[in-house]
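Heads up: the structure comes next, in structure tokens.
Rule-based calculations on the coordinates, nothing more; no lab input. None of the values given here were measured: they were computed from a predicted structure. For neighbour counting, all protein chains shown are included, and Cβ atoms are generated from backbone atoms with ideal geometry for every residue, glycine included.
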């Protein structure tokens, strides 16, 4: 069986597959892939066993990352929380991976990374040579119950009580995609990333997401006395809302801004008839974030990243952040510059 490469921007069959495949997500879409190309210079490509004159029945999108800092690899796909191979069964995945070995060799890629949310595409005991490289917690909230049931599903003290506190404090909610609201989000992101000893993603990345995803992209903002104190970015695909980025001003955590913001988002998602709120991945060591998502009433599961051929790179949160800790004391312009320089190497 031959593996074929296709351009997800030019081959209309890719979009047709996304519209029908049950595992397709926002991270498979041409919009997400185009934002990666604009911001980081990656060249997305899809590999499939379907020839160019046939209906597309499977495909795995990749970004080729060629970095002097972090190595060369094929990632499916860069900066996505998850990106399932769009295959029918484990045999299709096995055939694709085996034939991609020659691609890695020819292009001098060290390995392939897959971010698989639905492990049912893997055969029992994983006979296709994948090795678990990183493991995360994943949360998903079912939006199909009515609002009263969803509210009762929130943790009584950690969520419901804080939402009432936010309402007493007079917090306001707004959403949009304007430069003005995006700048407010980015100011809060800078505070949050500094607090976590990490540089912020480039502002250009968020502009690219907005411009490439259109109506699927939204910034949601909570303010007190006209001052932005918490914000999240959500992405929409079919009947799923995806929480992708969040940030806040720690001085206002006591007023319940984040619980209030997520509750407003849940209510808005219900008005749109959405069925699922994808709350994304969390590092296992970040128990605060894991617990927050648990308290939203979300179902938790385990998300695995795999490498092929075998390479294990388990890292602790401390190791991931230690490299950047020195930057938490840098002025804003240097911290932004660090993010602009380094994120293209991360993927």
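For segment 145-173 versus segment 263-279, the inter-centroid distance based on Cα atoms is 14 Å. A straight chain from residue 131 to residue 119 at 0.36 nm per residue would run longer than the Cα-Cα distance by 3.0 nm.
Here, segment 139-303 has an Rg and a Dmax of 15.0, 40 Å when only alpha carbons are counted.
Taking 0.36 nm per residue of separation and subtracting the Cα-Cα distance, full extension of the segment from residue 332 to residue 167 would add 56.2 nm. Most mobile of 207, 21, 139 per a Gaussian network model of the chain (Cα springs, under 10 Å)? In this elastic network of the chain, the residue with the biggest mean-square fluctuation among 207, 21, 139 is 21. Computed extension length for residue 268-residue 178: 30.5 nm, one decimal, from 0.36 nm per residue of separation with the Cα-Cα distance subtracted.
Projecting label points 7 angstrom from Cα along Cα→Cβ for residue 9 and residue 149 puts them 4.4 nm apart. Taking the chain, how much of its Cα-Cα pair set, in percent, is spaced more than 29 angstrom apart? In whole percent, the long-distance tail amounts to 41.
Sorting 34-45, 269-280 by their mean Cβ neighbour count within 10 Å, with the most densely packed peptide first, gives 34-45, 269-280.
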